[in-house]
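Visitor: Okay, here's the structure, questions in a sec.
Only the coordinates and a few stated rules stand behind these numbers; no lab work does. Bear in mind the structure is a predicted one, so any value in this text is a computation, not a measurement. Positions of Cβ are backbone-derived with ideal geometry, glycine not excepted, and every protein chain shown enters the neighbour counts.
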Amino acid sequence: MSFADLGLSDELLLAIKDSAYVEPTPIQKKAIPYVLMGRDMLACAQTGTGKTASFVLPMIDILAQSQAKARMPRAIILEPTRELASQVSESFERYGKHHRLLKALLIGGISLTPQEKQIERGADVLIATPGRFLDCYERGLLLLHDVKIFVIDEADRMLDMGFIPDVERIVKRLPKTRQTLLFSATILPEIRRLADAFLNDPKEISVSPPTMTAETVEQFLIGVEEGEKDAAFAQLIKKEGVQSAIIFCNRKKRVDELARLLKKKGFDTAPLHGDMSQPKRMETLDMLRDGNLVFLVASDVAARGLDIPKVSHIFNYDVPVNPEDYIHRIGRTGRAGRPGRALMLVTPEDGEQLGEILRMTGEKIPWMPLEGRVAPEIDSSEQAKSKHRRQRGRKRAGPLHNKAKVAPSKKSKRERPKKSKSKEPAQEQREAAPTKPQGHTKPEEPDWEVPAFLADPPPPVPRARDTRRRKKG
Ligand code: AMP
């Protein structure tokens, strides 16, 4: 099936050709005809599958039939993060370049005035994060009775970030007669509840997650002692011959410290995390995208959905606390079939987290020696995991309670559990109180495979009882 068979206009086919897409991806084949028909849709799909085009392309053709009036958008796309909203906005521009539609990007952290002007001028589509959208609505800038299409993208992430009450508030203000499309990487019970409440006789579609890690990404582990991380890391990046890289740290403070250190050592580096102003965040990402920055040191704010083809390397300076973040992080390289390298520093204290990653990906990742350094012993086995748990239990039950007072003997240091890594403040204010999903239901059995060139991280792997708070960058 070609794009022409999907019923899209000639103008769109031209834009698709300009994007060099040869054939529609499975989600595009499944979704586009139904969206063009005006059906509501519940789509189980994630970034990397081509899902953005699956709703933006038909939306453009639907909206092309008439024109927006001042303050009266005809379509709304909600995205969980500013970065994803910006990316969807760029896609809208690219696919809509032969149309005369207007869009407004409503995201927080930047001045409202230009956004207000875009709304005033008459935007056909608003691409927004929930907080800024409500802000605009409450200021009386928006009239919503002409909204025909409403898209909730990355619903599971919205849930994770505590945005669902905002989404519900927005839906209440929309006309009852509208087309609603809901995209989610996993259909959690809470997502199902929202779908039941928001969608009208939806067509349900599902596409399987792309392969766990893109085949074109070579992965390596580098064993180091905690105190040697900085020196080992500088040695590693010198040796790797990096074209463009994202370096992930677990904490914002560490992001800043490492960026400063690398800069001091003469590496072209900039930090990126949720405490930075939005214009600075966007400017930094643009620099990386345009090839004007070699090293981006980032928190997990950069881990999901970002599509920067030039990134040749991903470095995990810290082992991520949640194993699924590993997949998200390394999915930022090896885009569209390009080669990529993903290297992770691992200290003896990271054994348990490393074990979780290896068990989740089911991959054997080779260790890479660093010249002149002796790698420490690192135990990532299941036994090490239960040993860690027992140690933790004993420590909790022990007389001192305050872990900081436990003298770090060689062994206890190795087995010391990670403390507050996951307690970092939220990347955006509204992430401060994430609501944890209570459970997952399995998505419909997939009936096709995503091509390797689109491979991107799979959805978070369901864990029966994960009580850890998710860290935010
Ligand atoms: P998404 O899942 O929407 O984030 O898209 C992931 C990547 O796939 C983006 O870089 C898109 O430009 C690209 N893409 C979308 N549709 C196609 C297609 N039909 N053929 C090739 N690449 C595509």
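Visitor: Kindly write out, for segment 227-236 in residue order, the coupling ³J(HN,Hα) from the Karplus curve 6.51 cos²θ - 1.76 cosθ + 1.60 (θ = phi - 60°), rounded to whole Hz, with x marking Gly and Pro.
Guide: Karplus values, whole Hz, x for Gly and Pro: x, 9, 4, 4, 5, 5, 5, 4, 5, 4.
Visitor: Residues in segment 69-89, backbone N under 13 Å from the label point at E120 (7 Å along the Cα-to-beta-carbon vector): list them, ranges by number please.
Guide: 70-71
Visitor: Quick check: residue separation of T113 and E377 times 0.36 nm, minus the Cα distance between them. What number comes out in nm? Walk me through the numbers before you get to the answer.
Guide: Working: separation 264, 0.36 × 264 = 95.04 nm, distance 5.63 nm.
Here the answer is 89.4 nm.
Visitor: State to the nearest 20 debye the size of the charge dipole of segment 217-398 about its Cα centre, where the only charges are +1 on K and R beta carbons and -1 on D and E beta carbons. Don't skip to the end; give the middle numbers.
Guide: Values: 32 positive and 27 negative charges, 73 e Å.
Roughly 360 debye, rounded to the nearest 20.
Visitor: Let me ask something else about it. Can you list residues whose amide H is under 5 Å from M41's amide H, if they're 5+ apart or on another chain and H is modeled 1.01 Å from N?
Guide: Amide H neighbours of M41: T180, L181, L182, K203.
Visitor: Something else now. Order of 7-18, 144-155, 268-279 by packing, highest average Cβ count within 10 Å first? Mind showing how you got there, number by number?
Guide: Details: 7-18: 16.5, 144-155: 21.3, 268-279: 19.4.
My ranking of the peptides, most packed first, is 144-155, 268-279, 7-18.
Visitor: A further question on this structure: Collect residues whose amide H, placed 1.01 Å from N in the peptide plane, falls under 5 Å from the amide H of Q219; neighbours closer than 5 in sequence don't count.
Guide: A342
Visitor: Let me ask something additional. Among S184, F248, A197, pick out the residue whose Cα is farthest towards the positive end of the charge dipole of segment 182-272, where Lys and Arg carry +1 and Asp and Glu carry -1 on C-beta, about the Cα centre.
Guide: The one lying farthest along the dipole's positive direction is F248.
Visitor: Between L36 and R94, how high is the FRET efficiency from 1/(1 + (r/R0)^6) when r is the Cβ-Cβ distance and R₀ = 22 Å? Nearest 0.05. Numbers along the way, then the final one.
Guide: Working: r = 19 Å, r/R0 = 0.88.
In this case the efficiency is close to 0.70.
Visitor: Follow-up question, since we're still on this one. HN-Hα J couplings of segment 23-29 from phi, Karplus 6.51/-1.76/1.60, θ = phi - 60°, integer Hz, Gly and Pro as x?
Guide: Result, rounded to whole Hz: 9, x, 7, x, 5, 5, 4.
Visitor: Also: If each residue's Cβ is checked for other Cβ atoms within 10 Å, how do F3, F315 rank with the fewest at the top?
Guide: Working: F3 20, F315 27.
Going from least to most buried by this count: F3, F315.
Visitor: Report the charge-dipole magnitude of segment 99-208 in Debye, nearest 20, computed about the Cα centre from +1 at each Lys and Arg Cβ and -1 at each Asp and Glu Cβ. Provide the component values of the computation, followed by the final result.
Guide: Values: 16 positive and 16 negative charges, 79 e Å.
The dipole of segment 99-208 has a size of about 380 debye.
Visitor: Mind giving me the FRET efficiency for T177 and E363? R0 is 41 Å, r the Cβ-Cβ distance, nearest 0.05 is fine.
Guide: With R0 = 41 Å, the Cβ-Cβ based efficiency is 0.25.
Visitor: Given a cut-off of 26 Å, name the pairs among K103/K148; K30/K69; K51/K310; K17/K310; K148/K203; K263/K310 whose C-alpha atoms lie farther apart than that in the structure shown. Write down the numbers at each step before the final one.
Guide: Values: K103/K148 15 Å; K30/K69 32 Å; K51/K310 21 Å; K17/K310 21 Å; K148/K203 17 Å; K263/K310 21 Å.
Distance filter (> 26 Å) returns K30/K69.
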